[in-house]
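A.B. asks: Right, I'll just put the structure down here and ask away after.
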Amino acid sequence: MSSLEAIELVDRIWARDPTVWTGSDEGHWLGWLDEPGRMLERVEELERLERDFDDVVLLGMGGSSLAPEVIRRTFASTGLHVLDTTHPSAIRRLEDQLDLGRTLFVAASKSGTTLETRSQLDYFLDRGGGASFAAITDPGTELEQYAGAKDFVWVVHGEPTIGGRYSALSPFGMVPAALIDLDVQALLERADAMAGWCRLGDENPGFQFGLELGENWTEGRDKVCIDETPGGFGLWAEQLIAESTGKQGKGLVPAPGESPGSGSDRQHGRVRLDDPYDLGAEFYRWEFATAVAGSILGINPFNQPDVQAAKDRTAAILSSSHDPGPGPGTGPEGSVEELLAGAEPPQYIAIQAFIDPERESELDPLVMRARETGCVVTKGLGPRYLHSTGQLHKGGPNSVLAIQVVDDFGEELAIPGRDFGFRQLIAAQAAGDLESLKERGRKVCRVRLEQL
């Protein structure tokens, strides 16, 4: 791309020109371009939020949870807990760790209707114990109305022109940062400086990275091997890349921790963090790069047309099954050995684990076995990955080999006001996603964690 073409493309992005991508509604989803500046004007608002609590529990999924989780890990916060699972064992364990009377639960949902988040919220509201509640949501949502009816201590509005995975520098990322007493202004100032640099032409760091991602994709290097960081930056970046680009049979496959030099289908996703507060700038650089890469792929990087499929399957299973046993459709299916026997690049292996997050390390032997094939290996915990990389696995290239792993979901944990509990919910989410993958002709198998 010539210097003139680069400048023109950048100018069109900042002009909100949807024809940079597919000419549909992209122009309505570019609020993230200016969000660092807007949020700098809201720093005092965030600093005034009531936060005199021993623990803060963020209830959220995907775009509402991954940036807070990376912030929590990067700054080694012990007072912030991010709950983005429906596994009964994880919910019980967290509850046992908390003094509810000294805990603030923050429900984070742009739509205000996210099933997992609302189920978690209703559960903890019902527990009593003197806990306090707050919300981050877009203006006018059902969650905002619910918060008013339940006397939440505060509600912070998100920006409606920003999709979930681009919301790290909006209240969905910055409120949790404020609640653990980070210097939010410093985070946002570095992000705002990066936004200024991303208005440039050839020396634009976001554009250059996006051009690299997109041009490598055109040459068959569609696996983005993201640098590992102590704060787990790849957890957030893989949602951004996968959900933005994985559609219409195309897509970049993010692979945190994989080696970029081990195959011809790989490229390097460099993470630039000289100190923790560079996180603000890096969030922005990756957002801009993903938008640029989406232009080269010729897709709309701001929609997620295949995410709803698994949700619909889950809803159908929940409405038709009230089995109090192990849960719908979670027995072994197919064979890991058979699936891996024919695996070779440019295929990739996606380990999709509906397990207690505390048991994640038990997946390591399976990851090592999968890497012996020479294929890129990705790993996601369910149901979190349904809001993250799930779009890519269903809507992207049909090169995925999916291994679903389930564990013992434990005793049922009731959800107030629902006909199902968390055990049935996570089982239905696992079953629904596997059905959705098979419907799209993906090669899949399911195994019990205890049998690995």
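A.B. asks: Would you mind telling me which numbered condition in (1) closer than 30 Å to T330 by Cα; (2) out of contact with any Pro (no Cβ under 9 Å at 6 or more places or on another chain); (3) open to solvent by less than 10 Å² (accessible area, probe 1.4 Å); (4) not small (G, A, S) R92 fails?
C.D. replies: Here R92 meets the rest and fails (3).
A.B. asks: Shifting gears a bit: Of all residues in region 372-429 being open to solvent by less than 10 Å² (accessible area, probe 1.4 Å) and among the aromatic types (F, W, Y), which is nearest to A309 (Cα to Cα)?
C.D. replies: Only one residue fits best here, namely Y385.
A.B. asks: Looking at region 264-271, can you tell me whether even one residue there is polar (S, T, N, Q) and open to solvent by less than 50 Å² (accessible area, probe 1.4 Å)?
C.D. replies: Yes, region 264-271 has at least one match.
A.B. asks: A follow-up question, please. Please go through region 220-245 and pick out each residue that is surrounded by 24 or more Cβ atoms within 10 Å (Cβ to Cβ) and of a type in the set (S, T, N, Q).
C.D. replies: Scanning region 220-245 gives Q239, S244, T245.
A.B. asks: Now a separate question. Test G374 against the stated conditions and say whether it is touching a residue at least 24 places away in the same chain (Cβ under 8 Å), touching a Gly at 6+ places or on another chain (Cβ under 8 Å) and on the phi > 0 side of the Ramachandran plot. Walk me through how you get there before you give the answer.
C.D. replies: Values: touching a residue at least 24 places away in the same chain (Cβ under 8 Å): yes; touching a Gly at 6+ places or on another chain (Cβ under 8 Å): yes; on the phi > 0 side of the Ramachandran plot: yes.
The answer is yes for G374.
A.B. asks: May I ask you to list the residues in region 272-298 that are open to solvent by 10 Å² or more (accessible area, probe 1.4 Å) and more than 22 Å from D25 (Cα to Cα)? So that I can check it myself, show each step before the final result.
C.D. replies: Restricting attention to region 272-298, the residues satisfying the condition of being open to solvent by 10 Å² or more (accessible area, probe 1.4 Å) are 272-278, 281, 295-296, 298.
Correct list: R272, L273, D274, D275, P276, Y277, D278, A281.
A.B. asks: Separate question: Please return the ranges of strands (runs of 3 or more DSSP E) entirely within region 103-213 where 1 or more residues are out of contact with any Phe, Trp or Tyr (no Cβ under 9 Å at 6 or more places or on another chain) and open to solvent by 20 Å² or more (accessible area, probe 1.4 Å).
C.D. replies: Per the criteria, 154-157.
A.B. asks: What single numbered condition from (1) in contact (Cβ under 8 Å) with a residue 40 or more places away in the chain; (2) among the polar types (S, T, N, Q); (3) outside any helix (DSSP H, G or I) fails to hold for N216?
C.D. replies: N216 satisfies every listed condition except (3).
A.B. asks: List the number of the failed condition for A76; all other conditions in (1) under 20 Å from the mean Cα position of the chain (by Cα); (2) over 15 Å from E144 (Cα atoms); (3) in contact (Cβ under 8 Å) with a residue 40 or more places away in the chain; (4) open to solvent by 10 Å² or more (accessible area, probe 1.4 Å) hold.
C.D. replies: Only one criterion in (1) under 20 Å from the mean Cα position of the chain (by Cα); (2) over 15 Å from E144 (Cα atoms); (3) in contact (Cβ under 8 Å) with a residue 40 or more places away in the chain; (4) open to solvent by 10 Å² or more (accessible area, probe 1.4 Å) is unmet by A76, namely (3).
The values are calculated or read from the model by the stated rules, or taken from the named source; none is laboratory data. Computed from a prediction, not measured in an experiment: that's the story for all the values here. So basically every Cβ, Gly included, is an ideal-geometry build from the backbone, and we count neighbours across all protein chains shown. Ligands, DNA and RNA are excluded from the accessible area calculation, which covers all protein heavy atoms including side chains. Shrake-Rupley method; radii C 1.70, N 1.55, O 1.52, S 1.80 Å.
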